[in-house]
1. Considering (1) touching a Pro at 6+ places or on another chain (Cβ under 8 Å); (2) in a loop (DSSP other than H, G, I, E, B); (3) buried (at least 16 other Cβ atoms within 10 Å of the Cβ), say which one residue 17 fails and leave the rest.
2. Quickly run through the stretch 1-15 and pick out the residues that are out of contact with any Lys or Arg (no Cβ under 8 Å at 6 or more places or on another chain) and over 13 Å from residue 99 (Cβ atoms).
3. Just name the residue that is surrounded by the most Cβ atoms within 10 Å (Cβ to Cβ) out of those in the stretch 70-90 that are within 18 Å of residue 41 (Cα to Cα) and of a type in the set (A, V, I, L, M).
4. Determine the pairs where a residue that is without any contact (Cβ under 8 Å) to a residue 12 or more places away in the chain, located within the stretch 30-55, has a partner that is part of a loop (DSSP other than H, G, I, E, B) and loosely packed, with under 15 Cβ neighbours inside 10 Å with Cβ atoms under 6 Å apart, the partner being 6 or more residues away or on another chain.
5. Failed condition for residue 49, given (1) touching a Lys or Arg at 6+ places or on another chain (Cβ under 8 Å); (2) surrounded by 15 or more Cβ atoms within 10 Å (Cβ to Cβ); (3) assigned to a loop (DSSP other than H, G, I, E, B), with all others met?
6. Checking residue 64 against (1) farther than 17 Å from residue 15 by Cα; (2) among the small types (Gly, Ala, Ser); (3) touching a residue at least 24 places away in the same chain (Cβ under 8 Å), only one condition comes out false. Which one?
Amino acid sequence: MNKTDTPFENTYWDNKEEGIYVDINTGEPLFSSEDKYESGSGWPSFTKPINKENIIEKIDRDYGMIRTEIKTKAGAHLGHMFDDGPKDKGGLRYCVNSSALKFIPKNKKLK
């Protein structure tokens, strides 16, 4: 079982800055602010990953539900993917734990 951040009490659920969200452990780019939207769930939600190859999908049967867990290539739990996202953007919602991410602002100069 994997822990979940508290909704509406996590770092990035309401972040509106432009930039990218990377794997907190490896720095692998995962999601863009361009694909982030307010889902009302209290967690950062995205319509798609930057590169689908950086996300692993796994069936999750915990808590008597069947969901799609999303993980990093390194195996770290990110959250879950649902099919209730914006229909005009493909209909998916990647619901991600802030604690699995590091935000890199668009205007930050990389060294």
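1. (3)
2. Residues satisfying the conditions are 1, 8, 14.
3. Once the filter is applied, the top-ranked residue is 78.
4. none
5. Checking residue 49 against (1) touching a Lys or Arg at 6+ places or on another chain (Cβ under 8 Å); (2) surrounded by 15 or more Cβ atoms within 10 Å (Cβ to Cβ); (3) assigned to a loop (DSSP other than H, G, I, E, B), the one that fails is (1).
6. Among (1) farther than 17 Å from residue 15 by Cα; (2) among the small types (Gly, Ala, Ser); (3) touching a residue at least 24 places away in the same chain (Cβ under 8 Å), the lone unmet condition for residue 64 is (3).
Here's the yes/no breakdown for (1) touching a strand residue (DSSP E or B) at 6+ places or on another chain (Cβ under 7 Å); (2) part of a strand (DSSP E or B); (3) crowded, with 17+ Cβ neighbours inside 10 Å; (4) at pLDDT 95 or above:
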| position | (1), (2), (3), (4) |
| --- | --- |
| 34 | no, no, no, yes |
| 41 | yes, no, no, yes |
| 57 | yes, yes, no, yes |
| 68 | yes, yes, no, yes |
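The values are calculated or read from the model by the stated rules, or taken from the named source; none is laboratory data. All values derive from a computational prediction rather than experimental measurement. Counting neighbours? That spans all protein chains shown, and the Cβs are built from the backbone with ideal geometry, glycine included.
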